[in-house]
Each structure stands twice: as C-alpha cells, then as structure tokens.
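See structure below.
Throughout, read-outs are computed from the coordinates displayed, never taken from laboratory work. In this text the structure is predicted, and so the values were computed from the model without any measurement. As a convention, Cβ positions derive from the backbone with ideal geometry for all residues, glycine included, and neighbour counts pool all protein chains shown.
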Amino acid sequence: MERAIMNRLNTNYFDNFYIDWQNNEISENYVEFCQKQINNLSHIVPSLKKEKRKIIDTCCGCGFHSKFLIDKGHHVISFDKSEEMLNFAYKKNGILGKRQSLDEEFPENHVDLILNLNTSIGYKKNDLKNLLRNSYTSLKKGGILIIDLMNPAFFYKNFEEQMIFNFKDYEVNQTIKINKIYNSIVSTWDVYKNNEYSKDLSRELKFKLYTTNDIICSSLYYNFTLSNISFYGDMKGNEFHENSPRLIVKITK
C-alpha cells in the first residue's frame, strides 16, 4: 500500500514537472505548435471550416488543442487520465475535462470528430485497440477519427540517442534506446534541478511506434473499412512517405 501511494505521488510530481516543461520554449513554443496543428487540421477535415462540430479531444493534456477548437466555435469534450494536467487545463485554458483513460467508454456518442494528437498512444499495450474500439462506438456515421503519431521510418533515421534540454532550473538528459523488431522505444529522462539529480522527476518512458500496417489491421478488426482509412505526412494533408516526420491517420466511420 505504501509503495503504491509513493508511486502515485511520484507520478503526480512528474506530471507537474512535465506541464512546466511543456509550457517552456525548448525547440518551439508548445502553445503555438498546438495552435498550428488546429489551424492546419481543416486541410484533412474540411468540414471544420464550414460547420460547428461536436469533438472529443482524447488525452487532452493541458487543454491547448481543446481551447483553440472552442475558440473556433466547436463543441469540445475533453478527457485525460492525469488529474494534474486537467487542473492546469481548467486554470489556464478554462477547459473542464473529465478524468478517464482510453480503456473507458468515451463520455459522448454521435460525435463528428475524435482527436488523439501528439503521440498520445503506445504507452500501454492496448492503447490503439482501446482508442479504435471506443471511437467506433462514439462516432456517428461519417464521423472521423484523427490520430497523430511519429513515423517510425523517419524516427529511426533521425533520432539522437542522447539529448540535453535546459529550462528554468532544470537540465534533462534524455537517452533513447530502440527496438526495431517490435517498433518500441525506451526513453530515459535523468532530471537535474540546480545541478542536483532528482529521483522524483527522472523517468523511464516505454512506448510503441505504430506502422501503417498496425493501424490498418487493428482498424479492420474494429469494423472500420479499408477504403475509409487515409494516411498523411502532416496536418496539412501532404502525402505520407518514408521521410514524413509524422504519421497522420484519418479514419472515417
């Protein structure tokens, strides 16, 4: 019991650190990045320009995507499993999100659009299956699911095994190890605050990279049809290829 409580406290502490990290300029301002994503989304979902849509923002994090969609007049239902991120989303962006994970039934049905952005799946074994299963139930006929992922081929060519990020009083030493057979990554964050190592903030993150074949096979299993699955290289709708930084998936029910 005591160990479980400590793990929970450490997770909360790390979530708060991650929020702080997300909201500092490292390579590109994260808020501006989210706004660009939402502005570009209409290239692959043209109806966003014409009509107000009912949207579920899964794994909403700090709520920036939800905020920019609401600013455009859409009705957005947001959820995330992190209580800390939901608190930040409410205080910073006025987003009242629900605390839940992908394996739970989504909070609304008959929705026009479901979003899963910024590589938010792959951290648990059944993330993709849960997202597809619950999306199929919640989407109306003709509704769309958008999944924003890293492109494995591009990542393998361009990743750096070791990187250092600095912001405020923190230094993050990131080490990445890959397994191409299983398309999996282990990312270790060694965090130092004021030059002292922080065990509470340091983390080892394990996640899976999904291929187009993974997406197709799982989508067909959950009743989506092959002709309704499209892949893009970015949110602007450019063609997907080996050198595309992102794998953007569009699945229509």
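Using only alpha carbons, build the gyration tensor for region 154-207 and give me the equivalent ellipsoid semi-axes, biggest first, whole Å. List each step's numbers first, then the result.
Numbers: eigenvalues 120, 30, 8 Å².
Sorted largest first and rounded, they come to 25, 12, 6 Å.
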**Complete:** Placing each pseudo-label 7 Å from Cα in the direction of the beta carbon, residue 216 and residue 242 end up separated by a distance in nanometres of 1.7 nm
**Prompt:** What residue among 244, 194, 158 has its Cα farthest toward the positive end of the dipole of the chain, where the charges are +1 on Lys, Arg and -1 on Asp, Glu, each on the Cβ?
**Reply:** 244
**Item:** Computed label-point distance, nm, for sites residue 33 and residue 199 using a 7 Å Cα→Cβ extension
**Value:** 3.1 nm
**Asked** Where does the Debye-calculated log10 I(q)/I(0) of region 203-252 sit at q = 0.16, 0.22 Å⁻¹, using only Cα point scatterers of equal weight, no solvent?
**Response** -0.52, -0.83
**Message:** Give me the count of lysine pairs in region 154-207 whose alpha carbons sit under 25 angstrom apart, restricted to pairs 8 or more positions apart or on different chains.
**Reply:** 10
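My understanding is that a pair violates if its Cα-Cα distance is over 30 Å; which of 91/141; 208/236; 92/253 do that in this structure? Don't skip to the answer; put the middle values down first.
Details: 91/141 35 Å; 208/236 25 Å; 92/253 34 Å.
In this structure, 91/141; 92/253 exceed 30 Å between Cα atoms.
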**Request:** Would you mind computing, in nm to one decimal, how far apart the modelled labels at residue 160 and residue 16 are, each placed 7 Å from Cα along Cα→Cβ?
**Result:** 3.0 nm
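Please compute the net charge surrounding residue 178, taking Lys and Arg as +1 and Asp and Glu as -1 over other residues with Cβ under 12 Å from its Cβ.
Details: positive: 157, 177, 180, 206, 208; negative: 160, 161.
Local net charge: +3.
Which of the peptides 225-233, 161-169 is most tightly packed, and how do the rest follow, going by the mean number of other Cβ atoms within 10 Å of each residue?
Working: 225-233: 14.2, 161-169: 11.1.
Taking the mean over residues of other Cβ atoms within 10 Å, the ranking is 225-233, 161-169.
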**Prompt:** If we restrict to alpha carbons, what Rg and Dmax does region 23-146 come to, in Å?
**Reply:** 13.8, 41
**Complete:** Sequence order, region 97-113: Karplus ³J(HN,Hα) from phi using 6.51 cos²θ - 1.76 cosθ + 1.60, θ = phi - 60°, Hz rounded, Gly and Pro as x, gives x, 9, 8, 6, 10, 5, 7, 8, 4, 5, x, 9, 10, 6, 9, 7, 8
**Prompt:** Taking the alpha-carbon set of the chain, what are its Rg and Dmax in Å?
**Reply:** 18.2, 54
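Using +1 on the beta carbon of Lys and Arg, -1 on that of Asp and Glu, and nothing else charged, what's the dipole of the chain about the Cα centre, debye to 20? Don't skip to the end; give the middle numbers.
Details: 34 positive and 31 negative charges, 195 e Å.
For the chain, the charge dipole is close to 940 debye.
If you take the beta carbon distance between residue 75 and residue 223 as r and set R0 to 30 Å, what does 1/(1 + (r/R0)^6) give as a FRET efficiency, to the nearest 0.05?
On the way: r = 26 Å, r/R0 = 0.85.
Taking R0 as 30 Å, the efficiency between residue 75 and residue 223 is 0.70.
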**16 Å Cα-Cα reach of residue 140 towards aspartates and glutamates, excluding residues that sit fewer than 8 places from it in its own chain** = 51, 57, 105, 108, 112
